[in-house]
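The values are calculated or read from the model by the stated rules, or taken from the named source; none is laboratory data. No experiment lies behind these values; they were computed from the predicted model shown. Here the Cβ positions follow ideal geometry from the backbone for every residue, glycine too, while neighbour counts run over all protein chains shown. Side chains are part of the model used for accessible areas, which takes the heavy atoms of the whole protein and leaves out ligands, DNA and RNA. Shrake-Rupley method; radii C 1.70, N 1.55, O 1.52, S 1.80 Å.
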Amino acid sequence: MDQDRVFMAMALAEAEKAMQIGEVPIGAVVVGPDQQLLGTGYNQSICLNDPSAHAEMLAIRAAAAQLGNYRLRDCTLYVTLEPCAMCMGAILHSRIQRVVFAAADPKTGACGSVLSLQSEPRLNHHCSVTQGVLAERAASLIKGFFKARRQVKKCRC
């Protein structure tokens, strides 16, 4: 869908913000049922000294604050890398309806790569997942970041 590409491009712009400050370049946006932008986020775990400051978590927090409700029913989360188990926990708890991610994460991905929490039958909420939207751009951004990081290990917070 063209709309998915538009919102993923916004998430990629968020990822670039993370890269500019030396964080792993992952970005996320939450979009409401009327296609309104409700929240954005980019990785800030290092700068905030907070292991939960992943792009998805920050975008979900911003969207919940915007709506005045932690339940984000009928919302879609766009993220540049497949969410981890922690982020999927927040996604499911917030009742997000759909997750769209760009690049798969074969090490910690919890939407099909390592785990499939979105469809775990023992959990009380499930969401649909679309993968691969602008995947090459997202993967290139992350690969470039880690290539540069191996050469210089410094955060510019």
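What are the semi-axes of the equivalent ellipsoid for the chain, taken as the square roots of 5 times the Cα gyration tensor eigenvalues, largest first, in whole Å? Mind dumping the intermediate values first?
On the way: eigenvalues 111, 54, 47 Å².
They are 24, 16, 15 Å, listed largest first.
Place a label point 7 angstrom from the Cα of residue 3 along the Cα-to-Cβ direction, then list the residues of the range 32-75 whose backbone nitrogen is under 12 Å away. Residues 32-37, 75 qualify, since their backbone N sits under 12 Å from the label point. Return the single residue from 40, 108, 80 with maximal mean-square fluctuation; model: Gaussian network over the chain, springs between Cα atoms under 10 Å. Taking springs between Cα atoms under 10 Å, the residue moving most is 108. Annotation: amide H-H contacts under 5 Å for residue 114 (H modelled 1.01 Å from N, sequence separation of 5 or more, or interchain): 109.
Checking understanding here: applying a Kyte-Doolittle mean of at least 1.0 and a length along the axis of at least 15 Å (C-alpha), which whole DSSP H helices in the chain pass?
Working: long enough: 2-20 (27 Å, -0.21); 55-67 (18 Å, 1.02); 135-151 (24 Å, -0.49).
Helices meeting the criterion: 55-67.
When both bridge partners sit in the chain, DSSP labels roughly 55% of those beta bridges antiparallel.
By the scheme Lys and Arg +1, Asp and Glu -1, what is the net charge of all other residues having a beta-carbon under 15 Å from that of residue 107? Write down the numbers at each step before the final one.
Details: positive: 143; negative: 82, 105.
Residues near residue 107 contribute -1 overall.
Under 5 Å between amide hydrogens, built in the peptide plane, is the criterion, and for residue 81 it picks out 27, 102, 103 among residues at least 5 positions away or on other chains. Rounded to the nearest 20, the Cβ-based charge dipole of the chain about its Cα centre (Lys and Arg +1, Asp and Glu -1) stands at 540 debye. Here the Karplus relation 6.51 cos²θ - 1.76 cosθ + 1.60, evaluated at θ = phi - 60°, turns the backbone of the range 99-114 into coupling constants of 10, 10, 10, 8, 8, 6, 10, x, 9, 9, x, 10, 10, x, 6, 10 Hz, with x for every Gly and Pro. Accessible area per residue was computed with a 1.4 Å probe on protein heavy atoms; residue 95 scores about 30 Å².
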